[in-house]
Amino acid sequence: MIRTLIKNAMLLCGACLFRNTKSKLLYYHDVFASVQYTDMGTPLTLFQQHVRMIREQGFKIVPRISEAEREVALLFDDGFRGIYDVRDYFRKENICPTVFLAVSLIGKEGYLNKEEIKELQGQGFIFQCHAWSHEDLTTFTDEELKRELGESKAYLEDLLGKEVDEICLPIGYFSDHLLEEIKKYGYKRVYSSIPGNYFEPVVGGMTARNLVQFASALQVKYMLYGGNQLIKKRYERMHYKM
């Protein structure tokens, strides 16, 4: 209870100090109705509250952000199977999120398999890369990164039948060298775990994302108006490896 009050106060303070209606990415790991595949999953009832709050505040949920103001895109990391179980809700609400797939997890228990991925893609879901093995990419050699960045990209392009040119960093860790390597493999956008606004790149030119999987609807409201700005620098320090 006390931690919730502290977080609410911090987000409210950030929303007051940095108040804006700039477009933002909100990200999760999974949404579940009955079967929970990960302790990072968000109950469908809570997710529904988020969706209502976003729309009540005058923000539009879109597959891809194109406007500087009042657009929100929803993202999911890892490819857990819960989003398939609740696919009818996404269809009903016309929500087409982006899902970042770690190739080594496809088809494993609790994760989407190839057929489910293709079905969701046909429904409008967007799939991009989350590397091959879902581990800290800053620990890999350049030779090992060929698989993590190159082979994973080729695998997903073959599976999806389309270009894969965006990558989300597993666990959020990055280094200057890693970002340079990513460019070599043709990725046009790199997604971070650092909060912020969509059109304001964070360190290294990466795209900011705001984690909301355990947030209350009120906390999501504060984040929509810039509440996360107070913790932005702390997240940069947490994830940047020299």
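Bear in mind these aren't lab numbers, they're just calculated from the coordinates by the rules spelled out. In this text, all values refer to a predicted model and were calculated from it rather than measured experimentally. All Cβ positions, glycine included, derive from the backbone under ideal geometry; neighbour counts span all protein chains shown.
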Let me see the pair-distance distribution of region 118-200: every alpha carbon pair, 10 Å bin width, integer percents in order.
-> 17, 50, 28, 5
Quick numbers on the chain, Rg and Dmax over C-alpha atoms in Å, give 17.3, 49
Within the under-11-Å Cβ sphere about residue 148, not counting residue 148, Lys/Arg +1 and Asp/Glu -1 give a net charge of -4
Label zone at residue 87, where the point sits 7 Å out along the Cα-to-Cβ direction: region 122-142 residues whose backbone N lies under 17 Å = 122-128
Report the convex hull volume per residue for region 30-124, counting only C-alpha atoms, in Å³.
-> 99 Å³
Plugging the Cβ-Cβ distance of residue 158 and residue 19 into 1/(1 + (r/R0)^6) at R0 = 45 Å yields, to the nearest 0.05, a FRET efficiency of 0.50
All other residues with a Cβ under 14 Å from the Cβ of residue 60 taken together, and with Lys, Arg as +1 and Asp, Glu as -1, what is their net charge?
-> +1
The rounded separation in angstrom of the Cα centers of region 132-190 and region 203-223 is 23 Å
Report, in order of residue number, the helices in the chain meeting two criteria: a C-alpha extent of 30 Å or more along the helix axis, and a mean Kyte-Doolittle hydropathy of at least -0.5; treat each whole DSSP H run as one helix.
-> none
Output ordering of 94-104, 219-229 (per-residue mean of other Cβ within 10 Å, highest first) is 219-229, 94-104
Report relative contact order for the chain in percent, whole number only (criteria: Cα-Cα under 8 Å, sequence separation at least 6).
-> 25 percent
Bin all alpha-carbon pair distances of region 148-242 at 5 Å intervals from 0 and give each bin's fraction as a whole percent.
-> 2, 13, 22, 20, 16, 13, 9, 5, 0
Selection from 134, 98, 58, by position along the positive dipole direction of region 28-138 (Cβ) | 58
May I ask for the net charge around residue 168, where only other residues with Cβ less than 12 Å from the Cβ of residue 168 are counted and Lys, Arg are +1 while Asp, Glu are -1?
-> -1
